[in-house]
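Participant: Below: one structure in structure tokens.
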Amino acid sequence: MDHTSTLEKIVRGILIALVLVFFLFPIFWIVLMSFQTNETILRIPPSFFFEPTIANYQALITGTLKTAAGNLDIAFMRNLGNSILLSTAAVILSLLLGVPAAYAFARFRFRLGEDIAFTLLSFRFAPPLLVLLPLSLYFKQLGLTNTYFGLVWVYQLICLPLILWIVRGYFEDISPDIEHAYRIAGNSWWKTFRKIAIPLARPGIAAAGLLAFIFAWNNFVFALILASADKQPVTVGALAFVTASGIQYGQIAAAIVLSITPTLALALYAQRYLVEGLSLGAVKG
Amino acid sequence: MTTAAQARPRARRLNWGRALPYVLSLPALVVCIGILIPFFTSLYYSMLRFRLNLPALKGFIWFDNYIGFLSDAAFWKTVQISLTYAFLTVGIELVFGLGIALLLQKPTRFNNIVSILLLLPLMTAPALAALMWKLMTNPNFGILSYFVGLLGFTNFKWASDPSTALLTVTLVDVWVYTPFIMILLLAGLRSLPKAPFEAAALDGVPRSFVFFRITLPMLMPYMITAVLFRLLDSIQQFDIIYSMTQGGPGDTLLVFQVRAYLEFFQYTNVGRSAALLIILWAITYFLSHLFIKQWLKLRERTHGRA
């Protein structure tokens, strides 16, 4: 198809440029805002040229904001720490639970196997509040409200189905012959699983883990309902921050930048796997 | 085959082998059972008169919460706004996603870089994306408010005006999720067999004809999968709407989950909140069934060929 005319090339170029502007401008603009003082942010018309300042980030990192009215405490770094802790713990737990289960579903045809697999997948699609609202009452009785343990447990709702279904697809695509041969050579099942199956599925496990991390990080509603300020991740913390200090726009922008940087960096790093992971393996990337 | 024959004499091994899949998958299930219980609790609550502030009135009322909805204008408003939101966002995302996928179809280095960059909005937490757009649409200094001002719309209030609130949250949803549809359709487009297109080019078939008679029909399974998946998510949208407007202004954006949240925490009416969520669950259950069927078919096709 070499008959693309110059006109068509130009039109394509313009359209792609428009697409890039629409999808990247908001990120670009928030990054610019995060390096501005409130004064330059409030300037009309908005300007691309200003004296950059890192005061917003300084205020967030030191945890105090000096304003004319006095010092304002910002707990945002705590939110960032919570996000890291919750997402990491949730992904590790769901890898430990999900990878063996995925292997079982891929390698064995067993009674109730598909039923169990579909029950686990259906968590991905049910309205989260359906489970969360009664859970908030139970958690109160069990003393799990506002604990990391309770939150990490609930995070399994999004992490487990993802890991289970992506890793299962990977195991299914690997021929079981190597494992059979290794077993016949006299090795135990456990050793075969550890030495053969897991290393072969490693790209799938890594991809699923990264995606689960991103989804856990981006989750909003679990912590909104089950956590108070000191355990909240960035998604909820940023909203609370906006409500609490509604006019510190520079700091709000800086907080958003700090909150989205980890997932965006991971996404760029792992982009090869994203397509397959996002569609639960329905489409090959 | 040989392994089974060899294993037969060793009866203990075989028993262990039969239990193995359960041993492997049960921990995952057990962790989730704690989460299955609340589901049934919700079902039970939905048949209770249950208000946290009036515990004395608690009682079993069968389907009265549901029957109450039938004559409740607020409930029908929620159904209407949820469906409008879901179809509007997914419709726009499908058109844009398909358009962008077609633009980037050729697997050149430049196109690949563009498609990777377009993943960034999708990887932004929707709740944070809503805050970003809230800053950009701030009436005092928001860059978008400034732009529409230049176009002659002074006093354009975005999410704080009932007549433009839906438009604003739709814009955020489109920003976040169009890349999802784009990326699926791009993978679909690039995996289509080349032969029909080469034949059409040889025969000098017009390109609009190729698009409507070859590309679209062949891409249809991918489009259906992507659209079902997005509808399933979009009808449950909470993060974007809640962080942008908390369901307001007034009752403009009270979609299912936002209304259920407010019923629970603001009006402490647990029974009504649960009934709303059960209705939403029934809708998503139906959609997820369609989706899983479609998804398995597609998965078989792409993996079978690979």
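Participant: What are the residues in the range A:125-150 that are within 23 Å of the chain's Cα centre (by Cα) and facing chain B (nearest Cβ under 8 Å), if any?
Facilitator: A:Phe125, A:Ala126, A:Pro127, A:Pro128, A:Leu129, A:Leu130, A:Val131, A:Leu132, A:Leu133, A:Leu135
Participant: Tell me the helices (runs of 4 or more DSSP H) entirely within the range B:103-153 that contain at least 3 residues that are more than 7 Å from chain A (Cβ to nearest Cβ) and over 25 Å from the mean Cα position of the chain (by Cα).
Facilitator: Working: elements: B:109-117, B:119-123, B:126-136, B:143-150.
Where helices (runs of 4 or more DSSP H) fall fully within the range B:103-153 and carry at least 3 residues being more than 7 Å from chain A (Cβ to nearest Cβ) and over 25 Å from the mean Cα position of the chain (by Cα), they are B:109-117, B:143-150.
Participant: Looking at the range A:81-126 only, could you name the residues that are surrounded by fewer than 19 Cβ atoms within 10 Å (Cβ to Cβ), at pLDDT below 90 and in a helix (DSSP H, G or I)?
Facilitator: Listed by number, the residues that qualify are A:Gly113, A:Glu114, A:Asp115, A:Phe118, A:Thr119, A:Ser122.
Participant: While we're here: Just to be sure I understand, how many residues within the range A:231-248 are hydroxyl-bearing (Ser, Thr, Tyr) and surrounded by fewer than 23 Cβ atoms within 10 Å (Cβ to Cβ)? Reasoning before the result, please.
Facilitator: The first filter runs over the range A:231-248 and keeps only residues hydroxyl-bearing (Ser, Thr, Tyr), leaving A:235, A:243, A:245.
The next check asks that each one be surrounded by fewer than 23 Cβ atoms within 10 Å (Cβ to Cβ); those that pass are A:243, A:245.
The number of residues fulfilling the criteria is 2.
Participant: Cβ contacts < 7 Å: first residue within 18 Å of A:Met77 (Cα to Cα), restricted to the range A:217-232; second residue of a type in the set (Asp, Glu), any location; separation 6+ or different chain. Result?
Facilitator: So the pair list comes out as A:Phe220/B:Asp239.
Participant: Still on this structure, I have one more. Return the residues of the range A:106-137 that are in contact with a Pro (Cβ under 6 Å, 6 or more places away or on another chain), touching a residue at least 24 places away in the same chain (Cβ under 8 Å) and either over 23 Å from A:Leu211 (Cβ atoms) or of a type in the set (A, V, I, L, M) (or both); say none if nothing qualifies.
Facilitator: Matches in the range A:106-137: A:Leu120, A:Leu121, A:Val131, A:Leu135.
Participant: Another one. Let me confirm something: among B:Lys157, B:Lys194, B:Lys134, which residue is within 26 Å of A:Gln232 (Cβ to Cβ) and of a type in the set (Lys, Arg)? Give the steps one after another, and end with the answer.
Facilitator: Working: B:Lys157 fails: within 26 Å of A:Gln232 (Cβ to Cβ); B:Lys194 fails: within 26 Å of A:Gln232 (Cβ to Cβ).
Within the list B:Lys157, B:Lys194, B:Lys134, the selection yields B:Lys134.
Participant: Another question about this same structure. Could you grab me the full set of residues in the range A:30-45 that are polar (S, T, N, Q) and assigned to a helix (DSSP H, G or I)?
Facilitator: Result: A:Ser34, A:Asn38, A:Thr40.
Participant: Kindly indicate whether B:Lys58 is surrounded by fewer than 22 Cβ atoms within 10 Å (Cβ to Cβ) and either among the acidic types (Asp, Glu) or in contact (Cβ under 8 Å) with a residue 12 or more places away in the chain (or both).
Facilitator: No: the conditions fail for B:Lys58.
Participant: Just need a number here: residues in the range B:62-82 that are among the aliphatic types (A, V, I, L, M), loosely packed, with under 14 Cβ neighbours inside 10 Å and in contact (Cβ under 8 Å) with a residue 12 or more places away in the chain.
Facilitator: Adding up the residues that qualify gives 1.
The values are calculated or read from the model by the stated rules, or taken from the named source; none is laboratory data. Quick caveat, the model's predicted, so the values are computed rather than measured. Ideal geometry is used to build each Cβ from the backbone, glycine not excepted, and the neighbour counts take in all protein chains shown.
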